[in-house]
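All remarks here apply to the structure that follows.
What follows is calculated from the coordinates using simple rules that are stated; it is not laboratory data. None of the values given here were measured: they were computed from a predicted structure. For neighbour counting, all protein chains shown are included, and Cβ atoms are generated from backbone atoms with ideal geometry for every residue, glycine included.
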């Protein structure tokens, strides 16, 4: 992953309130993961220095719908912001207007 990120890249995880700064911290976090997920890309959009990716992350149990926002500098990631959400049941009250995805 080092080739994708700048050494001073920042990873921002707003839902947990965490910020990962720099290559060493990023490497240590990835090395400490109990199990890295299987990633199924859903959609990717890009413009200028920004790439937005939607993906399903499967950790061999819980699955997370995920949105990544990548900001690039000189062809490498300078900042990543990531949002994860586990699936949940849709409320019955709106069922007449929607279809299951």
Exercise. What do you get for Rg/Rh over the range 28-72 if you use C-alpha atoms and the Kirkwood form of Rh?
Worked result: 1.05
Seminar exercise, completed: In degrees, nearest 10, the alpha-carbon axis of helix 23-32 is tilted away from the dominant principal axis of the alpha carbons of the chain by 50 degrees
Exercise. Which order results if 1, 44, 11 are arranged by neighbouring Cβ count within 10 Å, fewest first?
Worked result: 1, 44, 11
Exercise. Residue 84 to residue 51: extension gain in nm, 0.36 nm per residue of separation minus the Cα-Cα distance?
Worked result: 10.2 nm
Seminar exercise, completed: If 54, 80 are placed from fewest to most neighbouring beta carbons inside 10 Å, the sequence is 54, 80
Exercise. What is the spread of the Cα atoms of the range 5-97 along each of their three principal axes, largest first, in whole Å?
Worked result: 49, 34, 24
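Could you work out [θ]222 nm for the chain from helices alone, using -39500 (n - 2.57) per DSSP H run of at least four and dividing by all its residues? Round to the nearest 500 deg cm²/dmol. Each step should come with its number before you reach the end.
Numbers: 1 runs with 10 residues, N = 101.
Helices in the chain give a 222 nm mean residue ellipticity of -3000 deg cm²/dmol.
Mind sorting 19, 98 by how few other Cβ atoms lie within 10 Å of their own Cβ, fewest first?
Numbers: 19 12, 98 9.
Going from least to most buried by this count: 98, 19.
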